[in-house]
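The following block contains the structure, expressed as structure tokens.
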Amino acid sequence: MQRIETDADISRGLDALVLLDRRLGPVRAMAGAIPLRRSPAGFHSLASVIVAQQVSRTSADAIFNRLCRLVDPFTPEAFLAGGESVMVQAGLSRAKQRTMTALSVALRDGALDLERLDTFPADEALAALTAIPGIGPWTAQVYLLVAAGHPDIFPAGDVALQTAVGHALGHEPRPPANQLALMAETWSPWRSVAARLFWAYYREIRGAEAAPAA
């Protein structure tokens, strides 16, 4: 599996996407710079994606920064030792408290190995992640895209991606997740680069960053 590791991988993927779907040429031209968006695999990266669920990028950054200040070093063991008071101080919702706790326990006990997960095919990696209570498809897909560098994942449930694709390709109102997932099949095996492309396009049309932090 060719992972997305460098800016050159992004450029190669964009070239391939334009050949696969000529409609993406104008999207690429308007999107401007397409960031690599990579972060090291592990607890820190997955926790940041969990915090970003269903909140704005600004809110997610503020909550996660508080959490990292309160839990130092930022490890599953330290998170569990901090208990509920730390989660409340950081601003985690009840649902995210449960998810973060379940993840921390799984990592502490060896039920989940995020380093080894990098070597799994995408479907196996997604299954392992979504087995953790509270981790759904969006969280698993974004983590694998950003932290593991999987080349062919498209988080179709992402509202910013739905908005960007709808605007760029004339599907208004924005396509729902199931429809967008079918549309994205056209962009295989470069769907992870297509996601980066449309996040950048969203930034240009809305003037705000919606892509998960890396």
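Values quoted throughout were computed directly from the atomic coordinates according to the rules given, and no laboratory measurement underlies them. These numbers come from a predicted model, not from an experiment. Quick reminder, even Gly has a Cβ in these numbers, built from the backbone with ideal geometry, and neighbours come from all protein chains shown.
For segment 43-146, taking Cα atoms only, what is the radius of gyration to one decimal and the Dmax to the nearest whole Å?
Gyration radius and largest Cα-Cα distance of segment 43-146: 12.9, 38 Å.
Over the chain, what lengths in whole Å, largest first, do the semi-axes of the equivalent ellipsoid take, defined as the square roots of 5 times the eigenvalues of the alpha-carbon gyration tensor?
Whole-Å semi-axes of the equivalent ellipsoid: 31, 18, 15.
How high is the relative contact order of segment 126-173, in percent, counting Cα pairs under 8 Å that sit 6 or more residues apart?
23 percent.
Give me the orientation-averaged projected area of the Cα convex hull of segment 130-214, in nm², one decimal.
Mean projected area of the Cα convex hull: 5.6 nm².
Roughly how many nanometres apart are two label points built 7 Å out from the Cα toward the Cβ at A81 and R23?
Here the modelled spin labels are 5.3 nm apart.
Let me ask you something else. Suppose a student asked you for the relative contact order of segment 43-146, using Cα pairs under 8 Å spaced at least 6 residues apart; what percent would you report?
28
Let me ask another. How long, wide and thick is segment 1-48, going by the Cα atoms along their three principal axes, in whole angstroms, largest first?
On the principal axes, segment 1-48 reaches 38, 24, 15 Å in Cα extent.
Now a separate question. For V159 and R66, FRET efficiency with R0 = 30 Å and r from the beta-carbon atoms, rounded to 0.05?
The formula returns an efficiency of 0.80 here.
Given Cβ point charges of +1 (Lys, Arg) and -1 (Asp, Glu) and nothing else, what value in debye, to the nearest 20, does the dipole of the chain about its Cα centre take?
That gives the chain a dipole magnitude of about 540 debye.
Please state the relative contact order of the chain as a whole percent: Cα pairs under 8 Å, 6+ residues apart?
29 percent.
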